Amino acid sequence: MKLKWMLALLFVVPAALGQARLTVGTAAAQPGQKVTGTIDVPAGVDAGIRIPVVLVAGSRPGPVLAIISGAHGTEYASIIAVEKLISSLNPEQISGTVILVPLVNQASFEQKVPHVNPIDGKSMNRFYPGRPDGTQTERASLAITREVVEKCDHLIDLHGGDLDENLRPYSYWAPTGKPEQDRVSREMALAFGLDTIIISRDRPTDRNASRYLETTASLRGKASITAEAGRSGRVDTDDVQRLVSGCLGVMRYLEMLAGSPQSVHHPVWIDHVETVTSEQTGIFYPLVDRGVYMEQGATIGYVTDYTGNTVFRAYAPSAGIVLYVCGVPSMIKGGTVANIGVIAAKPPE
């Protein structure tokens, strides 16, 4: 048994321990197999769905890593990245098992609706751990909690800029106060390799109202991270490759693949995120691009009414990095103009 996996046993009950066969939904894999199935969400107050899942069961023992994308079905780069992982991962080269869920929010993907599940109007990364008597989003969240979160040892939740978000790549590290689990999740974020990491200290602490997928896993003792790349409905090769390489880097850190991860050694740590919203509805004109550094008070962009009169100007509330800026002209009152990442004074311990 490899060293890092042995250390992991100290703070989680591993799903892979002593388990030759893993079943997730309708997929059941023996060591050395790659198996496709579905996580079936029964109908309730609205329609049921079948969420695709792939198990890549390595030929050698090791941890179980879950990689999930498509909670927002128009964050395309993350969905394509998981598809590429499905085709490229070879069971003969893996220790442990990878659970791959490429597309949670199928209605969003098929109807090209950003942010929410158009079946019930809810974000599919805001209603964990889910409810059996809820709408489709809540029932799907419960199914993923039971079939994926509770059966894995580590989890990566992949996202990216939605149709209206011009986003720079970054990842999240959400410390829980459990030193060993936090160390592993921090090293997972470093192994993923993105050079900007947001420290999320404001996540829920109630495992029965965990809200986010990553938080649901973390509150159940699974070291987990979220990573984002991709923007504005595009499927840029560089963004897809960042996500693919990041997942492989985490697998190398966990010793599920041979080799060492290309960890980022001096990332920019973001202490917190300031969200800037519009005070008016109209047409948005950005004056900055993703990834630029802004001084406090600098102009992010402006909004005009539909006849060209400027009705609102957006300013940076703090100095920091533009994590994303609205990438389309459409703007409503209260809509997000930009997220500004305030740089931490020093790296976290």
- Looking only at strands (runs of 3 or more DSSP E) that fall completely inside the range 238-309, which ones have 1 or more residues that are charged (D, E, K, R) and in contact with a Pro (Cβ under 6 Å, 6 or more places away or on another chain)? 268-277
- Note on the structure: Restricted to the range 220-239 and to residues being crowded, with 22+ Cβ neighbours inside 10 Å and not small (Gly, Ala, Ser), the residue nearest to residue 88 (Cα to Cα) is 239
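Does any residue of the range 311-323 turn out to be over 30 Å from residue 179 (Cα atoms), of a type in the set (Lys, Arg) and outside any loop (DSSP other than H, G, I, E, B)?
yes
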- Test for residue 144: is it surrounded by 19 or more Cβ atoms within 10 Å (Cβ to Cβ), part of a helix (DSSP H, G or I) and of a type in the set (A, V, I, L, M, F, W, C): yes
- Query: Mind checking whether some residue in the range 121-130 is over 16 Å from the mean Cα position of the chain (by Cα) and either part of a helix (DSSP H, G or I) or of a type in the set (A, V, I, L, M, F, W, C) (or both)?
  - Reply: no
- Task: Using the structure shown, decide if residue 163 is surrounded by 17 or more Cβ atoms within 10 Å (Cβ to Cβ), touching a residue at least 60 places away in the same chain (Cβ under 8 Å), not β-branched (Val, Ile, Thr) and not in a loop (DSSP other than H, G, I, E, B).
- Result: no
- Task: Report yes if some residue within the range 329-345 is part of a loop (DSSP other than H, G, I, E, B), more than 22 Å from residue 114 (Cβ to Cβ) and of a type outside the set (Ser, Thr, Tyr); otherwise report no.
- Result: yes
- Hits in the range 37-62 - residues which are outside any loop (DSSP other than H, G, I, E, B) and touching a Pro at 6+ places or on another chain (Cβ under 7 Å): 38, 52, 56, 57
- Could you grab the pairs with beta carbons closer than 8 Å, sequence gap of 6+ or different chains, first residue in the range 192-204 and outside the structural domain of residue 78 (by TED's automatic domain parsing) and in a strand (DSSP E or B), second one modelled with pLDDT of 95 or more and surrounded by 20 or more Cβ atoms within 10 Å (Cβ to Cβ)? none
- Task: Please state which one of 210, 200 is within 21 Å of residue 101 (Cβ to Cβ) and not aliphatic (A, V, I, L, M).
- Result: 210
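The values are calculated or read from the model by the stated rules, or taken from the named source; none is laboratory data. What you see is a predicted model, and the numbers here were worked out from it, not measured in a lab. Here the Cβ is made from the backbone with ideal geometry for all residues, glycine too, and neighbour counts use every protein chain on show.
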